[in-house]
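Colleague: Take a look at this one; I'll ask things after.
Every read-out reported here was derived from the displayed coordinates using simple, explicitly stated rules and does not represent laboratory data. None of these values were measured; they are calculated from a predicted model. Here the Cβ positions follow ideal geometry from the backbone for every residue, glycine too, while neighbour counts run over all protein chains shown.
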Amino acid sequence: MENYGSFDFLSKIAYERTGGSEAEFQTANYIITECHKYQVEAHLEEFQVDGYEIKKASLESIDGVYTVTGVGMSGSTPVEGIIGELVVIESDDQLKLLKSLEGKIVYLSGRMMVKTYKLLCEKKASGFICTSGSLYDDIEKTDLEKMTLRERHYSNGKIPGVCIRMVDAQKLVLAHPKEIKLLLLQDEFKLTSHNVVATIPGEVKPDEIVCFTAHYDSVAFSTGAYDNGTGTTTILESLAYFSKHRPERTLKFIWCGSEEMGLLGSKAYAEAHKDELSSYKLCINVDMTGVVLGHDIACCTSENSLVHYINYLGKEVGFSITARQGVYSSDSTSFADQGVPALSFARLSPRGGAEIHSRKDVMDFLDAENYYKTANFIIEFSKRMISSVYFPVENTIPEEMKKELDIYMGRKDREEK
């Protein structure tokens with residue numbers, strides 16, 4: 001199959017492009033320019049996302065001052081900060097046993113989960129500390145993560161928080177301070193993010209739509225070459241192919257902004273276009289391809305017949321891929337949640353392989369050979385779907401997948417066994 005050079009475009013967008021930033025907007029316009037090269041019209045659809053600016057953040061104990069980042073959208077302390085007893089929390093079960101955390105600052109390892117934050121709000125914690133990285137990190141080569149609360153968190157209330165390195169967390173806990181001082185001052189506001197949307201009309205069944213999605217934003221400190229510059233360019237490769245081989249059904253290519261902030265771009269698109277989603281037969285999402293060391297997967301939020309189809313097609317054309325039924329943490333999920341059968345293709349790296357969500361996500365671990373193998377399989381799969389006499393994927397979401405979507409979207413908790 002002819003390649004259209006989309007891998008070459010990857011180096012042009014390999015820079016930090018967080019949701020709502022000028023860099024994200026610049027990337028959106030680069031994508032539009034690429035679409036126009038194939039005589040495919042594309043446009044921007046804007047939506048609002050949370051933004052913040054940390055003015056000052058600090059954490060002090062009897063044993064010294066710690067390097068921290070402020071947790072975005074967690075509110076602010078008084079200008080003089082807050083002083084409170086440090087409470088080390090190891091589990092939600094431990095949290096549930098406490099009557100009150102009023103006047104106390106809570107330490108928790110790792111990220112702030114929604115259900116944990118809700119408990120902190122219920123027990124009126126004054127502040128919190130979460131952690132970033134590993135005890136084994138080389139500080140000179142590792143960034144202290146910038147964490148942000150999402151609406152699902154702060155709809156329960158705002159508790160000022162900071163993030164520290166794991167090695168500093170151990171030092172803090174070993175010091176057993178009776179009191180610590182936490183200061184966080186930030187401005188909170190709204191930013192504008194964008195989805196890029198391109199359309200190739202169908203020539204036989206134009207009222208039936210297949211959409212291709214990929215997010216083009218990155219996290220802070222990351223060039224996002226692998227996650228998800230590769231997905232961005234992979235669906236551009238599909239657009240280039242179908243611009244030359246006109247499809248029977250209408251195709252939508254949607255580059256989603258602000259995925260890393262909670263699938264915000266695809267959620268915004270699904271909401272804005274909900275009246276037409278009944279015409280969408282399938283969402284084909286791509287989130288990470290092209291890594292040298294890795295394996296290809298497809299995660300299908302659909303009837304299980306699609307899983308079998310992909311596994312069979314892989315064997316037929318000689319492409320190694322493993323498909324399964326499930327909910328994938330990417331933009332396909334926003335469409336499945338609105339009743340559109342969806343799947344995500346990815347080439348995942350092994351343990352110890354290429355990393356994402358850090359400064360280590362760079363071009364060095366990607367190559368064109370593996371990239372085009374995956375891209376060509378996605379096109380081959382898509383061709384068969386788009387040109388089928390009767391669309392082969394049932395236009396339903398199985399009940400077990402609906403339950404998984406409820407859990408992923410935070411509407412329900414997973415039942416404890």
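Colleague: Over 17 Å, how big is the tail of the calculated P(r) for region 50-109, in percent of all Cα pairs?
Modeller: Summing the P(r) of region 50-109 above 17 Å gives 51 percent of all pairs.
Colleague: Of all DSSP beta bridges located in the chain, what percent are antiparallel, nearest 5?
Modeller: 55 percent
Colleague: Hey, another quick one. Amide H to amide H, which residues 5 or more places from Thr213 or on other chains are under 5 Å from it, using H placed in the peptide plane?
Modeller: Ile254, Ile284, Asn285, Val286
Colleague: What would the Debye equation give as log₁₀ I(q)/I(0) for region 298-370 at q = 0.15, 0.21 Å⁻¹, counting only Cα atoms as equal point scatterers?
Modeller: With one equal scatterer per Cα and no solvent, log10 I(q)/I(0) is -0.65, -0.99.
Colleague: Using a Cα-Cα cut-off of under 19 Å, which lysines could be cross-linked to Lys267, ignoring same-chain neighbours fewer than 8 residues away?
Modeller: Within the straight-line cut-off, Lys267 pairs with Lys190, Lys252, Lys281, Lys402, Lys403, Lys412.
Colleague: State log₁₀ I(q)/I(0) for region 217-278 at q = 0.20, 0.28 Å⁻¹ as given by the Debye formula over alpha-carbon point scatterers of equal weight, solvent excluded.
Modeller: -0.91, -1.13
Colleague: Evaluate the Debye formula for region 63-177 with equal point scatterers sitting on the alpha carbons, no solvent, and hand back log10 of I(q)/I(0) at q = 0.15, 0.17 Å⁻¹, in q order, two decimals.
Modeller: -0.63, -0.82
Colleague: Using 31 Å as the Cα-Cα cut-off, could you pick out the over-long pairs in Lys124/Lys171; Lys55/Lys118; Lys146/Lys315?
Modeller: Values: Lys124/Lys171 26 Å; Lys55/Lys118 26 Å; Lys146/Lys315 43 Å.
Over 31 Å apart, Cα to Cα: Lys146/Lys315.
Colleague: Across bins of 10 angstrom width beginning at 0, how are the C-alpha pair distances of the chain distributed, in whole percent?
Modeller: 5, 21, 29, 24, 14, 6, 1, 0
Colleague: How many angstrom lie between the C-alpha centres of region 348-365 and region 220-239?
Modeller: Each part reduced to its Cα centre gives a spacing of 13 Å.
Colleague: Treating cross-link reach as a plain straight distance, find the aspartates and glutamates whose alpha-carbon is under 12 Å from the alpha-carbon of Lys96, omitting any fewer than eight places away in the same chain.
Modeller: Answer for Lys96, where 12 Å is the Cα cut-off: Glu122, listed by chain and number.
Colleague: I've got another one for you. Can you give me the Cα centroid spacing of region 114-182 and region 34-72 in angstrom?
Modeller: Distance between centres, Cα-based: 18 Å.
Colleague: Taking only Cα atoms of region 96-157, what ratio of Rg to Rh do you get with Rh as the Kirkwood inverse-distance radius?
Modeller: A ratio of 1.04.
Colleague: If you scale each eigenvalue of the Cα gyration tensor by 5 and take the root, what three semi-axes come out for region 311-417, rounded to whole angstrom and sorted largest first?
Modeller: Output for region 311-417: semi-axes of 27, 24, 12 Å.
Colleague: Which helices, taking whole DSSP H runs in the chain, have alpha carbons extending 18 angstrom or more along the helix axis plus mean Kyte-Doolittle at least -1.0? Write out the running numbers ahead of the final one.
Modeller: Working: long enough: 22-37 (23 Å, -0.59); 230-244 (22 Å, 0.21); 304-317 (20 Å, -0.06); 368-386 (26 Å, -0.31).
Going by DSSP H runs, the hits are 22-37, 230-244, 304-317, 368-386.
Colleague: How would you rank 374-386, 55-67, highest first, on the average number of other Cβ atoms within 10 Å across their residues?
Modeller: 374-386, 55-67
Colleague: OK, next. If you add up the charges near Tyr154, with Lys and Arg at +1 and Asp and Glu at -1, over every other residue whose beta carbon is less than 12 angstrom from its beta carbon, what do you get?
Modeller: +1
Colleague: Another question about this same structure. Shape call for region 1-100 from the C-alpha gyration tensor, a ≥ b ≥ c root eigenvalues: rounded (a/c under 1.5), prolate (a/b greater than b/c) or oblate?
Modeller: prolate
Colleague: Leaving out same-chain residues fewer than 8 places away, which aspartates and glutamates sit with a Cα under 17 Å from that of Lys56?
Modeller: The reachable aspartates and glutamates, counting only those whose Cα sits under 17 Å from Lys56, are Glu80, Glu145, Asp187, Glu188.
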